[in-house]
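None of the figures in this text is laboratory data; all of them are computed from the coordinates on show. This is a predicted model, so every value here is computed, not measured. A quick note on method: Cβ atoms are made from the backbone with ideal geometry, for glycine too, and the neighbour counts reach across all protein chains shown.
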Amino acid sequence: MSYNLKRLSRLRALAVPAAACLVASCRRAGVLDPQGPVASAERLILINATAIMLVVVVPVIALTLAFAWRYRASNKRAVYWPDWSYSGHIELVVWSIPAMVVILLAGVAWTGSHLLDPARALKSEMKPIRIEVVSLDWKWLFIYPDLEVATVNELIVPSATPVEFLLTSATVMNSFFVPQLGSQIYTMPGMTTHLNLLAERPGDYPGLSANFSGDGFSDMRFLVHVVPASEFSSWRARATGEGAVLNADTYSHLARTAVDAQMQTYRSVDPNLFDRIVQQNVAAEPTASPPKEH
């Protein structure tokens, strides 16, 4: 008896930290901690789909245990029918319930995929802010075309304001993902994809690369700073007065393969840089030759 109590106490001691690690991992992932309407809608789809599937999973597990107990070898009251071969009622139950589950899951997926189309603009009274995203080896470049500034591995956006992302890749295919804001989307060389997100409240939300793209992909992370509108205006004023100019020369230097790229800000950006990256036609500007003397 004492041995069983000791064993039970050991299992309990292991269960507590295991549960704590599981909860902590969910919090770090952020999928179950949405901070925007898109992520909230995606969590609702996840919960609804899980609940629909549990309608089948839970009864199947319960019936499996019940049948195993009912027809155990020591139960002499269980009736064995070797000649049983078909039951229309059982067939109806066996096929109708999974069919209804598939129909319900299909309805949830269909409506969700249309309502949460990444390119679909979000309803808001605030004017959206445009951001151009470029995935590099192995870093993220964010260009604010309307503000004429850019950042690396750091994204600053105002709260309660829609953000319209235009994304591409300067190297291989990658995936842009902010778990607490929702909707990962691929970046592809020579192409652009669209994504609309919104952060409802200020905070710092981690972003990452969700697609293997090389040795440094695990360090290809960025941070989304969601700040109030007044603080965003102050950041914009500071950004235009510090850092280097992002043109073809500085971009060529930035695009060189590197791991653990530091966060940095560019006070000015070539307005045609993103289009040239998409067209894969970025080259250093030729140096003007001095005038000839006559």
Spacing of the two label points (7 Å from each Cα toward its C-beta) at residue 45 and residue 146, in nm:
2.7
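Using the number of other C-beta atoms within 10 angstrom as an exposure proxy, rank 139, 123 with the fewest first. Numbers along the way, then the final one.
Values: 139 25, 123 8.
Lowest to highest Cβ neighbour count: 123, 139.
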Cut-off 12 Å, label point 7 angstrom out along Cα-to-Cβ of residue 219: give me the residues of the range 125-154 whose amide nitrogen falls inside.
138-139
Kindly express, to the nearest 10 degrees and within the range 0 to 90, the angle between helix 88-115's C-alpha long axis and the longest C-alpha principal axis of the chain.
10
With Cα atoms, 0 to 90° folded angle of helix 37-70 axis to the chain main axis
20
With Cα coordinates, the longest principal axis of the chain makes an angle with the long axis of helix 229-239, in degrees rounded to 10, of 50
What FRET efficiency would be calculated for the residue pair residue 122, residue 62, taking the C-beta separation as r and a Förster radius of 41 Å, to the nearest 0.05?
0.45
Residue 115 to residue 201: FRET efficiency via 1/(1 + (r/R0)^6), r the Cβ-Cβ distance, R0 30 Å, to the nearest 0.05?
0.85
Which of 124, 190, 166 sits farthest toward the positive end of the charge dipole of the chain, with +1 on the Cβ of Lys and Arg and -1 on the Cβ of Asp and Glu?
124
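Fully extended, how many nm does the chain gain between residue 31 and residue 104 (0.36 nm per residue separation, minus their Cα-Cα distance)? It would help to have the intermediate numbers written out before the result.
Working: separation 73, 0.36 × 73 = 26.28 nm, distance 2.27 nm.
Separation in residues times 0.36 nm, less the Cα-Cα distance, equals 24.0 nm.
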Full-extension gain in nm, residue 164 to residue 242, via 0.36 nm per residue minus C-alpha separation:
25.6 nm
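State the extension gain, in nm to one decimal, for the chain segment bounded by residue 258 and residue 234, taking 0.36 nm per residue of separation less the distance between their alpha-carbons.
On the way: separation 24, 0.36 × 24 = 8.64 nm, distance 3.08 nm.
Extending this stretch completely gives an extra 5.6 nm.
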A correct fewest-to-most ranking of 240, 50, 168 by other Cβ atoms within 10 Å would be 50, 240, 168
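Which of the peptides 63-70, 74-81, 199-206 is most tightly packed, and how do the rest follow, going by the mean number of other Cβ atoms within 10 Å of each residue?
With the highest mean Cβ count within 10 Å placed first, the list reads 199-206, 63-70, 74-81.
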Dipole of the chain (Lys/Arg Cβ +1, Asp/Glu Cβ -1, origin at the Cα centre): which of 145, 30, 241 lies farthest to the positive side?
30
Suppose R0 equals 22 Å. What FRET efficiency, 1/(1 + (r/R0)^6) with r the Cβ-Cβ distance, do residue 268 and residue 154 give to the nearest 0.05?
0.80
Calculate the spin-label point distance for residue 96 paired with residue 186, positioning each point 7 Å from the Cα along the beta-carbon direction, and give it in nanometres.
4.2
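For 234, 183, what ranking results if the residue with the fewest other Cβ atoms within 10 Å of its Cβ goes first? Could you put the intermediate results ahead of the total?
Numbers: 234 12, 183 20.
Ordered from fewest to most neighbouring Cβ atoms within 10 Å, 234, 183 come out as 234, 183.
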Picking from 83, 249, 215, which is most flexible by a Gaussian network model of the chain using Cα springs under 10 Å?
83
222 nm mean residue ellipticity, helices alone, for the chain (DSSP H n ≥ 4; -39,500 (n - 2.57); rounded to 500):
-13000 deg cm²/dmol
